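The values are calculated or read from the model by the stated rules, or taken from the named source; none is laboratory data. None of the values given here were measured: they were computed from a predicted structure. We place every Cβ from the backbone using ideal geometry, glycine too, and count neighbours over all the protein chains shown. Note: accessible area is taken over every heavy atom of the protein model, side chains too, but ligands, DNA and RNA are not part of it. Shrake-Rupley method; radii C 1.70, N 1.55, O 1.52, S 1.80 Å.
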Amino acid sequence: MASTILPLELIDRCIGSKIWVIMKSDREFTGTLMGFDDFVNMVLTDVTEYQVTEDGIVSNSLGKTLLNGSNIAMLIPGGEGPEKAES
Amino acid sequence: MASTILPLELIDRCIGSKIWVIMKSDREFTGTLMGFDDFVNMVLTDVTEYQVTEDGIVSNSLGKTLLNGSNIAMLIPGGEGPEKAES
Amino acid sequence: MASTILPLELIDRCIGSKIWVIMKSDREFTGTLMGFDDFVNMVLTDVTEYQVTEDGIVSNSLGKTLLNGSNIAMLIPGGEGPEKAES
Amino acid sequence: MASTILPLELIDRCIGSKIWVIMKSDREFTGTLMGFDDFVNMVLTDVTEYQVTEDGIVSNSLGKTLLNGSNIAMLIPGGEGPEKAES
Amino acid sequence: MASTILPLELIDRCIGSKIWVIMKSDREFTGTLMGFDDFVNMVLTDVTEYQVTEDGIVSNSLGKTLLNGSNIAMLIPGGEGPEKAES
Amino acid sequence: MASTILPLELIDRCIGSKIWVIMKSDREFTGTLMGFDDFVNMVLTDVTEYQVTEDGIVSNSLGKTLLNGSNIAMLIPGGEGPEKAES
Amino acid sequence: MASTILPLELIDRCIGSKIWVIMKSDREFTGTLMGFDDFVNMVLTDVTEYQVTEDGIVSNSLGKTLLNGSNIAMLIPGGEGPEKAES
């Protein structure tokens, strides 16, 4: 049976790698995880934001960014963002 | 009389098996449960996301995913997702 | 005077019997209560979900289900669900 | 000067009598209060639900009901519900 | 310099007098404050509710009422309600 | 380097002076701060409320007012309100 | 491997420098960070607010401002605001 992985363990393993974060407000980001705290507030670098518009997905570079953990709906380790997910 | 099952007990029994998760935002996922914590944050693998669109249900593979427990409305052990539920 | 009943007492008495649960998101379920915890997270079995659509009430079988207590608006012991309530 | 009444004192005095409860979701109920807890979760019996529709107020009998205190906006001891309030 | 007044001090001074309460849901009430607790749940008597409709402000008498403190946006000691405020 | 100012320090310095408060519900007020507590519930006096309508900004005098801290989005010490900000 | 940065560490490093803050209500600000507390309530000075309107982005100077931490969705150290991000 596959070993159990606790949520904070999974996030800890993502430090230094790319993750895809989806907020409760439906904003989406990819970036490299640099750190997080017990509230799952996250520091990402090399951040790209994706906004779903009528003309398709628009992406936007933001550099280093801090995301409020209480606003995060889900995260995907190694995720490439919505563009790659749908292509 | 059927024995009583506590919520965290039920989730614990799901580790290693498929579950169907419905979020407060109406996003729906199926995947194999790998772990969870006291806030019912969940690590799933082999994840499929279902989005109800005008053209019916669109599904999308996401791989390993962490879901924020505060955003989960309900979960169905062994659930196959909306497609199977309605077919 | 009718004796006082505390909320958790009422729920405890429902274990093993049918209840009708209405969520803050207006989703409605009936099912047999198998267990609950202090946050009123609930494990139900033989679950039917009711969705109010333009064509009337559509019901859908879900089997065993865990409901997030923070999302429950109200519950009706022995309730038969919206169809019976309105017929 | 009229004596001061604390909120939980007021509710305690309502046990065994009719009250009108209005939820944050605008759902409205009358019923006899059978019990409540520190979170103001409430057990009511002989419950009538009122729904404001385009054709006026529709009422619906529900029997014994548990209301989630965090969803209650206001309550009116001895209240007869919206119909009486407006007639 | 005018002396400092703490919020709960201000409410305490209002006991026995008229106040205007505006809820987060935009419902508005005036009434005489009879008591309150640490969560600013409030007992009012001689209560009038004001609803802003297309035809202007409609008022409605409710008698004694308990308001859920978590739903209160603001309160105005001695306030006469929206009608007086706009005339 | 400009000295650091902590949030509650900033508010404390505003006692006796005018501030502009914007709520999460987009209601806006100016008034003189008379006091506040740890939850940033605030007592203001000489209060003016601003409502953005199709015909522009409508202002309304409210006298002494208590604002629920959990509903405050931001505050601007010495702020004159939306009219001055946009003229 | 890049060193780990904790969220509050990142914010602490921003004291005295420009940051771009995006609220859960989609309001956006840039300004110089003067201080913050454990709830990530923030004091900014030389603040500009950006509002996305049909005619494009409108900016507005606000001077010193206190932002409620519970309403902050994300922040970008050194961020120049939406105008620069999209040009």
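Within region G:3-16, being more than 12 Å from the chain's Cα centre (by Cα), facing another protein chain (nearest Cβ under 9 Å) and either over 25 Å from G:Ser59 (Cβ atoms) or assigned to a helix (DSSP H, G or I) (or both) holds for G:Ser3, G:Thr4, G:Ile5, G:Leu6, G:Pro7, G:Leu8, G:Glu9, G:Leu10. Scanning region C:46-70 for residues being at negative phi and within 12 Å of chain B (Cβ to nearest Cβ) gives a total of 16. Scanning for something within 24 Å of C:Gly79 (Cβ to Cβ), among the polar types (S, T, N, Q) and loosely packed, with under 14 Cβ neighbours inside 10 Å, does region D:2-16 turn up at least one residue? No, region D:2-16 contains no residue that is within 24 Å of C:Gly79 (Cβ to Cβ), among the polar types (S, T, N, Q) and loosely packed, with under 14 Cβ neighbours inside 10 Å. Could you list all residues from region A:51-70 that are closer than 28 Å to B:Ala73 by Cβ, surrounded by 19 or more Cβ atoms within 10 Å (Cβ to Cβ) and not hydrophobic (A, V, I, L, M, F, W, C)? Hit for region A:51-70 is A:Asn68, nothing else. Return yes when D:Thr45 is open to solvent by 10 Å² or more (accessible area, probe 1.4 Å) and not in a helix (DSSP H, G or I) and no when it is not. Yes, satisfied.
Entry remark, region G:17-32: residues being surrounded by fewer than 23 Cβ atoms within 10 Å (Cβ to Cβ) and either facing chain F (nearest Cβ under 9 Å) or among the hydrophobic types (A, V, I, L, M, F, W, C) (or both) number 6 in total. Against the conditions (1) more than 17 Å from D:Pro82 (Cα to Cα); (2) in contact with a Lys or Arg (Cβ under 8 Å, 6 or more places away or on another chain), E:Asp26 satisfies every one except (2).
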